[in-house]
Amino acid sequence: MSKAQAKAAAVLAEVQELPELVVFDLDYTLWPFWCEMYTTCDEPKLFPEARGVMEALKDSGVPMALASRTPTPEVARAFLQKLGLSKGMFVSQQLIPASSGFDHNSAQKDVRHFPAIQKETGISYNRMLFYDDEDTNVHRVSKLGVTSVLVSTSEGVSVKTLRQGLQAYSKQDRSR
C-alpha cells in the first residue's frame, strides 16, 4: 500500500457517509496533461497521489466513474489501459469526443456525461462527488446537485482534494 493510499484510506475511515459514486475528469485531474497532445504510443503518468486515492476508494467500496471531454478518446482509453485502470476500476467511462480540447460548446458534462452516468449507474446526482480542473464544469455540474470540487492543475487529485470533496459532500443537503 502506497503512502497516498494509506492516507486516503485514513481520510475515508473518518467519514460517516461516503458518496455512492465518485466521478473524475481525466486531463489535469488524474494526469498532468491533455491527452490530445500525445499518441497511443506514449507512456502516461498519473498525478503523484491519484492512484492512491483511487485505490483507497475502491478498497472502501466506493464506485468510480470517468467524465472526460476529449478530441482523442482513443488515446485516453489507451492510457487508462497502460496505467492498469481500464478493467473494473470504473463503473462508467464517459469519454465523449469534442472537436478540440477547448470546445466548450459540445460534450458538456452537465448535459452529456452526467446524464449518461446516472442512467448507467442509477445513482442520484446528490449521491455523487465530482472532481475536475475546470471551474466551468464544476459550476455547471454542481447545479445538477452533484457535490463538485475544483482540482488544482498543478497537483490534481490528491489526499487533500479527497478530504475537501468529502467535507463538501457531508455538508450537502440530500433531502431533495
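Looking for something open to solvent by less than 60 Å² (accessible area, probe 1.4 Å), of a type outside the set (Phe, Trp, Tyr) and more than 29 Å from SER124 (Cα to Cα) - is there at least one such residue anywhere in the range 14-30?
No - not one qualifying residue is present in the range 14-30.
Condition check ((1) modelled with pLDDT under 95; (2) under 15 Å from the mean Cα position of the chain (by Cα); (3) among the acidic types (Asp, Glu)) across all residues:
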site	(1), (2), (3)
ASP110	yes, yes, yes
PHE114	yes, yes, no
LYS119	yes, no, no
LEU144	yes, no, no
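If I go through the range 45-61 residue by residue, how many of them are open to solvent by 10 Å² or more (accessible area, probe 1.4 Å) and among the aliphatic types (A, V, I, L, M)?
Residues that pass the stated criteria total 1.
Just give me the residues in the range 135-157 being in a loop (DSSP other than H, G, I, E, B), touching a Ser or Thr at 6+ places or on another chain (Cβ under 8 Å) and under 17 Å from ASP27 (Cα atoms), in sequence order.
VAL151, SER152, GLU155, GLY156, VAL157
Can you list residue pairs whose Cβ atoms sit under 6 Å apart, with the first residue in the range 116-133 being outside any strand (DSSP E or B) and the second being open to solvent by 40 Å² or more (accessible area, probe 1.4 Å)? Count only pairs 6 or more apart in sequence or on different chains.
The qualifying pairs are THR121/VAL91; ILE123/GLU20; TYR125/LEU144; ARG127/GLU20; ASP133/TYR28; ASP133/THR153.
Of the conditions (1) over 12 Å from the mean Cα position of the chain (by Cα); (2) closer than 20 Å to THR161 by Cβ; (3) surrounded by 19 or more Cβ atoms within 10 Å (Cβ to Cβ), LEU66 clears all except one; give me its number.
Condition not satisfied by LEU66: (1).
Of the residues in the range 128-154, how many are open to solvent by 60 Å² or more (accessible area, probe 1.4 Å) and either in contact with a Pro (Cβ under 8 Å, 6 or more places away or on another chain) or more than 21 Å from ALA56 (Cα to Cα) (or both)?
Residues that pass the stated criteria total 7.
Is there a residue being open to solvent by less than 60 Å² (accessible area, probe 1.4 Å), free of Cβ contacts under 8 Å to residues at least 60 places away in the same chain, of a type in the set (S, T, N, Q) and outside any strand (DSSP E or B) anywhere in the range 37-44?
no
Under 7 Å by Cβ, and 6 or more places apart or on different chains, what pairs join a residue from the range 66-79 that is without any contact (Cβ under 8 Å) to a residue 60 or more places away in the chain and more than 21 Å from GLN118 (Cα to Cα) with one that is open to solvent by 10 Å² or more (accessible area, probe 1.4 Å) and acidic (Asp, Glu)?
As it stands, the answer is PRO71/GLU36; THR72/GLU36; VAL75/GLU36, since those pairs meet every condition given.
The values are calculated or read from the model by the stated rules, or taken from the named source; none is laboratory data. Since we're looking at a predicted model, the values are computed, not measured. Here the Cβ is made from the backbone with ideal geometry for all residues, glycine too, and neighbour counts use every protein chain on show. To get the accessible areas, we keep the full protein, side chains included, count just its heavy atoms, and leave off ligands, DNA and RNA. Shrake-Rupley method; radii C 1.70, N 1.55, O 1.52, S 1.80 Å.
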